[in-house]
1. Could you say whether any residue in segment 21-38 is modelled with pLDDT under 55 and exposed (fewer than 10 other Cβ atoms within 10 Å of the Cβ)?
2. Taking the conditions exactly as written (touching a helix residue (DSSP H, G or I) at 6+ places or on another chain (Cβ under 6 Å) and at pLDDT 90 or above), does residue 142 satisfy them or not?
3. Look at residue 87 and say whether it is surrounded by 10 or more Cβ atoms within 10 Å (Cβ to Cβ), at pLDDT below 75 and part of a helix (DSSP H, G or I).
4. Filter segment 144-195 down to the residues that are in a helix (DSSP H, G or I) and without any contact (Cβ under 8 Å) to a residue 12 or more places away in the chain, then identify the one that is nearest to the chain's Cα centre (by Cα).
5. Criterion first (in contact (Cβ under 8 Å) with a residue 60 or more places away in the chain and either over 20 Å from the mean Cα position of the chain (by Cα) or not in a loop (DSSP other than H, G, I, E, B) (or both)) does residue 92 satisfy it?
6. Go through (1) under 15 Å from residue 125 (Cα atoms); (2) modelled with pLDDT of 90 or more for residue 150 and report which single condition fails.
């Protein structure tokens, strides 16, 4: 009986060892799986995404204060653009009024001179908003007759209005700047001749 028990004992020990090894293997696998589970819900932004935010200049896209500031900036830019379009329309209206008055009276009265002065100031503001600055450029091909000059002022102002209306607000427009400079030069020429 003792001789038959040794192989049975060896078999039992062998089965026990295999069972313990299998159990250890299962524990190791479950521990590895547990370590790979999803990021806990207390951290909504994955670590990788947080590192990308730092690379993006530290912008926090979910910050309500930053969103509010961005909306206010956009609103202010839109208001500035709309004011510039309104200036261009006023320039066109003033030029048309002065031209019509000149056609009727064949002269420039003090009231028209004030309108021309306002027209010049508004046009300079439009030019500055478009990214231009004061220039001492002489306007070429100035009309010899006052009636032609007044007609050119009305035409230049209307063209400036159209350019400002179709230029997007974030664009520096060389065409607007050039047209504004031409109009300013012509208005200064007319005001000088009418004195």
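1. Looking through segment 21-38, at least one residue is modelled with pLDDT under 55 and exposed (fewer than 10 other Cβ atoms within 10 Å of the Cβ).
2. no
3. no
4. The extreme case among them is 166.
5. Answer is yes for this residue.
6. (1)
For (1) farther than 15 Å from residue 83 by Cα; (2) loosely packed, with under 12 Cβ neighbours inside 10 Å, each residue gets a yes or a no:
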site	(1), (2)
117	yes, no
140	yes, yes
143	yes, no
147	yes, no
157	yes, no
162	no, no
166	no, yes
170	no, yes
173	yes, no
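The values are calculated or read from the model by the stated rules, or taken from the named source; none is laboratory data. For clarity, every value in this text was computed on a predicted model and none was experimentally measured. Because the Cβ atoms are built from the backbone with ideal geometry, glycine has one as well, and the counts that use them run over all protein chains shown.
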